[in-house]
Amino acid sequence: MKCLNNQIGSTLIETMVVLVLIALFTSSLMAVYWASANSFNRTISMSEMQYTTREARQLILKDMYCCERAEVLGLDGGPTDMGGAGSCLRVTIPIMQEADVEYMAIYYYVENGKLYRNRFMLHDKYNIGDDEFLDKIPIADHMGVLSFSSSAAGVLEYELICSCNKATFEVQGTASSRMHYSINGI
């Protein structure tokens, strides 16, 4: 009888040790899973941020290449001086109709952390007061800085900085119109 009692006790101790080992193994697997999932989510958000920033740059460059006139606008909404920096860009693009040329103005600016592209149809390309609003499209999220400046040589310099989850992605460059008109109409 004494021998039987020792077997039952050791079976209970063995069961408890096995349960503790299973708990340790499971918690180790869960820690590895959570670390992998967090790393994957950071990588995905960083790649999406890079993609949207590069796409925004490509859209700005496409509009710059076909524009007739580009203006860097300051905080007051007016054009900046040559070499001045601003957070808004206005490009004027000629649109060929059947026998006439119409103009469209496109504005790029950041509002509440989003980069927007506004389009207006111009009835008079020099009078901003009669612009006809077409659409307002959000292009990129998590936009921190959008900066434009124009140089005396007619070249637009741009900087786009996007940040999300403590990660930052920055795109800088220069652009000019293929129509060889200068920045700010000079």
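Observations on the model:
- Among residues of the range 37-53 that are at pLDDT 85 or above, those with a Cβ under 8 angstrom from a residue that is β-branched (Val, Ile, Thr), sequence gap 6+ or separate chain, pair up as Thr52/Ile139; Thr53/Val171.
- Of the set (1) at pLDDT 85 or above; (2) within 20 Å of the chain's Cα centre (by Cα); (3) among the polar types (S, T, N, Q), all apply to Ser87 but (1).
- Taking first residues from the range 97-117 that are of a type outside the set (Val, Ile, Thr) and partners that are loosely packed, with under 10 Cβ neighbours inside 10 Å, the Cβ contacts under 9 Å between residues at least 6 apart in sequence or on separate chains come to Glu102/Met96; Arg117/Asp135.
- Conditions (1) modelled with pLDDT under 85; (2) surrounded by fewer than 18 Cβ atoms within 10 Å (Cβ to Cβ); (3) in contact with a Gly (Cβ under 9 Å, 6 or more places away or on another chain): number failed by Lys166: (3)
- For Met96, the criteria (1) modelled with pLDDT of 80 or more; (2) farther than 21 Å from Gly78 by Cα; (3) not charged (D, E, K, R) hold in every case but one, which is (1).
The values are calculated or read from the model by the stated rules, or taken from the named source; none is laboratory data. Remember, it's a predicted structure, so these values are computed and weren't measured experimentally. With ideal geometry, Cβ positions are generated from the backbone for all residues, glycine too; neighbour counts draw on all protein chains shown.
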